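Some notes on the structure that comes next.
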Amino acid sequence: MDKITFIAPYQELGLLVERVIKDFQENIEVKIGRMGKGVRLAKEAEENGSGVIISRGITTWKIKETNIKIPVIDLPITGYDLLRTYYEAKESGNKVGMVDIPEVIQGIESIEEIIGCKVCKIYSYNIEDIEEGINQLYKQGVDIVIGKIIMIKLANKHGMKGVNIKSGRQAILQAIREATSVLKATKQERERVKQEKKRVKQMKAILEFAHEGMIVTDKLGVIKLFNPIAEEITKIDAQEAIGKKINSINYKFKVDRVIEQRRAETNQIKKIANKNVIVTKVPIIVEGEVVRVAVNFQDISKVQKIEHKIRREFLNKGHVAKYSFKDIIGKNQNFLNTIEQAKKFAKVDSTILIHGETGVGKEYFGQAIHKESLNKKGPFIAVNCAALPKSLLESELFGYEEGAFTGAKKGGKPGLFELAHGGTILLDEISEMAKSLQARLLRVLQEREVMRLGDDKIIPIDIRVIATTNRDLFKMIEEDQFREDLFYRINVLNLRIPALRERKDDIPLFVSKFKQQFCRRFNKSIPKITPEIMKILQNYHWPGNIRQLKNVIERIVILTTEGESISIEVINQALQDFSFEDYSIEPSKELDPTFDNLAKIATEYSLEKLEAYVIRNVLKEVDGNRSEAARKLGIARSTLWRKLKQGE
């Protein structure tokens with residue numbers, strides 16, 4: 001009798017329950033079946049020793065109409081489920097109606113003030129009432145019905161649309177808690193028959209440590225137990241409450257209808273002592289008679305915190321930021337000003353555009369901003385928009401439902417936007433995102449909601465977006481490669497990371513750090529770098545910035561013989577694959593391709609001059625055809641012209 005059987009009317013609900021119960025220690029089995037099949041499964045569960053049955057909607061009615069003696073709990077339809085379904089229905093119709101049992105109707109009534117609209121409501125007390133209720137809605141001009149599967153099918157027969165009220169994770173958690181409470185209470189009630197005093201002590205001990213408020217009454221509504229959480233929420237002392245009728249303590253807790261109808265009232269949103277709480281009242285039936293009523297209630301704000309924690313732990317394992325502002329080194333004043341600006345940006349949740357040349361550490365800044373932000377306890381997810389093809393990037397960002405495309409994972413997959421809920425997503429190299437995806441991203445930023453591929457459900461998200469780029473987005477907008485409206489949406493806060501050549505006084509810090517790192521890695525001892533070598537490194541233009549410097553230092557450590565000083569020849573060799581090759585100087589100060597002293601070029605010539613020289617050589621090869629030269633170099637004609645002018 002310690003087992004809970006969950007009979008899900010449809011497969012999707014059953015799969016969701018399977019995922020939820022992984023976090024529970026209780027013995028819970030899940031079966032799939034609705035209406036007649038559900039009744040058969042319930043009878044088998046009772047015969048096999050199940051203590052409580054949980055089901056949903058009409059299937060629950062059918063089970064309760066049989067002679068099953070164990071408690072049957074109806075899966076609640078939460079206020080969140082109703083809100084989500086209502087807004088989904090409003091997208092497809094103007095006049096919304098529903099036919100359901102009083103508890104569900106009361107639930108929609110409790111949120112009508114929130115949505116500012118009225119829903120056409122018809123009460124039903126048995127299956128026969130449903131068809132007549134649908135007929136009434138049709139006559140009232142309702143064009144879309146929200147409800148359970150049977151209501152939707154009947155609505156469709158009348159030409160009305162329908163939206164199924166799907167139970168979410170919170171409803172399942174609530175039902176399992178109710179079932180657990182009922183199971184415990186039922187076991188303890190059986191024990192009471194044997195030994196009343198022992199049962200009361202055991203039950204009281206359990207309730208003392210419950211995380212929700214719990215009141216237990218007898219069949220007359222007289223309070224027998226009143227736990228500490230109930231005291232905390234109601235502001236009523238347990239000694240004052242025990243022995244009194246529950247109606248006299250607070251009329252919102254009245255249990256008369258629960259006792260009369262022998263049916264639970266679940267998921268009622270009430271205001272108790274200035275707190276919004278979710279109240280559930282469950283009759284405890286022994287040998288066909290109501291002997292107790294368990295009233296449990298929770299502060300809604302605590303329920304929401306638990307839901308957010310479960311969502312983060314279930315979906316976002318491993319998505320963390322590694323680097324903080326302490327890991328970003330530098331003493332250059334302009335760079336220090338950039339760090340201070342980034343720290344200010346971290347304190348708000350506005351979208352940030354970080355731009356700078358390749359290798360300057362844009363993602364380091366993105367991670368550091370997250371670790372200083374209001375969302376620092378949430379996940380940090382970084383995605384390189386240039387690393388994935390368009391189709392794969394879209395499915396990774398937005399997720400997909402099962403069968404959305406060939407090769408789609410069974411059961412679907414949440415997208416990175418969903419995984420980043422409550423945290424930060426960093427879109428690296430956003431300039432490389434296809435324009436069709438840019439449009440979808442714009443909607444995410446505007447509406448703070450996503451829709452998976454192959455699905456029509458809207459998923460609200462709470463994320464902070466940081467975008468990075470090493471390209472000129474203004475120029476890309478002019479060339480129709482980047483959406484102007486997206487640019488202004490991501491460019492709320494703008495952070496420029498200086499190039500390494502703009503902070504030459506920081507180069508010795510990086511050289512020392514990388515030298516120590518690679519000496520340890522390769523188990524080598526190399527003397528301190530001389531001022532002459534350091535000057536060469538500081539005067540080099542570093543087009544690849546910190547990333548390139550790190551690679552060069554690794555080469556230098558590898559090429560330098562153990563115990564010897566670093567030579568200019570080693571520097572030249574280390575720089576060889578990162579620089580323009582074989583340049584020298586003529587008296588006219590033009591670059592000559594016979595020169596091979598790369599260290600000297602690094603100290604005397606700028607990146608602009610070297611680039612202009614290469615462009616002129618390519619122009620000679622193609623007889624001055626600028627379009628062909630730009631094609632060979634992989635740059636736009638306007639870029640080619642600008643670099644020529646800069647190198648003059």
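Overview of results
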quantity: Verdict on A574 being crowded, with 18+ Cβ neighbours inside 10 Å and modelled with pLDDT under 70; calculated: no
quantity: Matching entry among I233, I229, I259 (being over 20 Å from V182 (Cα atoms) and in a helix (DSSP H, G or I)); calculated: I233
quantity: Residue, modelled with the highest pLDDT, within segment 350-382, restricted to residues that are touching an Asp or Glu at 6+ places or on another chain (Cβ under 9 Å) and farther than 21 Å from A499 by Cα; calculated: S373
quantity: Filtered residues of segment 334-363 (kept if free of Cβ contacts under 8 Å to residues at least 60 places away in the same chain, surrounded by fewer than 19 Cβ atoms within 10 Å (Cβ to Cβ) and in contact with a helix residue (DSSP H, G or I) (Cβ under 9 Å, 6 or more places away or on another chain)); calculated: I339, K343
quantity: Condition met for P527 (touching a residue at least 60 places away in the same chain (Cβ under 8 Å), in the same structural domain as L575 (by TED's automatic domain parsing) and assigned to a loop (DSSP other than H, G, I, E, B)); calculated: no
quantity: In segment 156-192, residue modelled with the lowest pLDDT [restricted to those that are of a type in the set (V, I, T) and assigned to a helix (DSSP H, G or I)]; calculated: T186
quantity: Filter result for K62 (over 23 Å from S124 (Cα atoms) and either of a type in the set (D, E, K, R) or touching a residue at least 40 places away in the same chain (Cβ under 8 Å) (or both)); calculated: no
quantity: Number of the condition not met by F474 [criteria: (1) in a loop (DSSP other than H, G, I, E, B); (2) surrounded by fewer than 19 Cβ atoms within 10 Å (Cβ to Cβ); (3) among the aromatic types (F, W, Y)]; calculated: (1)
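The values are calculated or read from the model by the stated rules, or taken from the named source; none is laboratory data. All values reported here derive from a predicted model rather than from experimental measurement. Here the Cβ is made from the backbone with ideal geometry for all residues, glycine too, and neighbour counts use every protein chain on show.
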